[in-house]
Amino acid sequence: MPARSFEMRDEFFVDRGSLLPISLVSERGEDRNAESWQRISVTYQDGRISGTRETKGGVLPIDVLTSVPVWDGNLWGPLFASLPLASGAEFTVPIWQYDNGFGEFEIEVSGSGPYSTHEGTEPAWFVEAGTSPNRRSRYVFSQANFLELASGAGPLRQEISQSCEST
């Protein structure tokens with residue numbers, strides 16, 4: 001099977017205290033002429049989400065009104081880590097996502113326990129979250145500093161590993 005690559009970069013600016021979004025720039029792909037290339041640029045201000053969605057086919061405006069604060073639906077880990085995590089805790093967080101519009105994250109702390117990393121074992125929170133019961137991801141957060149240690153959904157998984165810096 002040939003190797004595949006997928007280039008995507010998200011840049012968020014959020015309010016330090018609430019993690020409510022200020023802006024998001026998301027770019028997928030490098031070649032503006034490729035069918036899959038897109039660039040999303042939105043700002044959240046005064047009950048309005050505005051910006052553009054640019055693809056090979058052109059530029060479409062984004063202009064959405066909201067009567068309640070919403071978090072950006074593409075920023076998962078830091079938002080979940082900012083919640084008062086405790087065994088059995090459940091949260092519903094209103095979101096807006098450029099692909100799906102308004103929705104909610106359903107978040108449940110499914111437990112706690114030891115988690116092994118390359119640096120050793122540490123106490124962790126295990127969090128199940130998603131926008132629907134049949135689409136959940138699992139997150140692991142350090143109890144000491146709320147650092148995201150791992151996440152995954154289905155066959156995809158990522159975790160913090162040793163530094164790749166050369167010595």
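The values are calculated or read from the model by the stated rules, or taken from the named source; none is laboratory data. Remember, predicted model here, so these are calculated numbers, not experimental data. Cβ placement follows ideal geometry from the backbone for every residue including glycine, while neighbour counts extend to all protein chains displayed. In case anyone asks, the SASA skips ligands and DNA or RNA and just uses the protein heavy atoms, side chains included. Shrake-Rupley method; radii C 1.70, N 1.55, O 1.52, S 1.80 Å.
Okay, here's what the table says:
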{"read-out": "Filter pass, Ala81 being buried (at least 17 other Cβ atoms within 10 Å of the Cβ), farther than 18 Å from Asp99 by Cα and in contact with a Phe, Trp or Tyr (Cβ under 9 Å, 6 or more places away or on another chain)", "value": "yes"}
{"read-out": "Residue list for the range 14-27, restricted to those being at pLDDT below 90 and over 11 Å from Trp71 (Cα atoms)", "value": "Arg16, Gly17"}
{"read-out": "Residues located in the range 127-161, provided they are in contact (Cβ under 8 Å) with a residue 40 or more places away in the chain and closer than 24 Å to Phe102 by Cβ", "value": "Val127, Ala129, Thr131, Ser137, Tyr139, Ser151"}
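Okay, residues lined up against (1) surrounded by 11 or more Cβ atoms within 10 Å (Cβ to Cβ); (2) in contact with a strand residue (DSSP E or B) (Cβ under 6 Å, 6 or more places away or on another chain); (3) in contact (Cβ under 8 Å) with a residue 60 or more places away in the chain; (4) hydroxyl-bearing (Ser, Thr, Tyr):
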position	(1), (2), (3), (4)
Ser36	yes, no, no, yes
Ile40	yes, yes, no, no
Glu54	yes, yes, no, no
Thr66	yes, no, no, yes
Pro69	yes, no, no, no
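Yes/no per residue for (1) of a type outside the set (A, V, I, L, M, F, W, C); (2) at positive phi; (3) touching a strand residue (DSSP E or B) at 6+ places or on another chain (Cβ under 6 Å); (4) without any contact (Cβ under 8 Å) to a residue 40 or more places away in the chain:
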| site | (1), (2), (3), (4) |
| --- | --- |
| Gly57 | yes, no, no, yes |
| Gly73 | yes, no, yes, no |
| Phe80 | no, no, yes, no |
| Thr92 | yes, no, yes, yes |
| Asp99 | yes, no, no, yes |
| Val109 | no, no, yes, yes |
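Listed here are the residues, each with its yes/no results for (1) under 27 Å from Gln45 (Cβ atoms); (2) open to solvent by 50 Å² or more (accessible area, probe 1.4 Å); (3) modelled with pLDDT under 95; (4) among the small types (Gly, Ala, Ser).
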| site | (1), (2), (3), (4) |
| --- | --- |
| Ala89 | no, no, no, yes |
| Asn100 | yes, yes, yes, no |
| Gly103 | yes, no, yes, yes |
| Thr117 | no, no, yes, no |
| Pro133 | no, yes, yes, no |
| Tyr139 | no, no, yes, no |
| Ser142 | no, no, yes, yes |
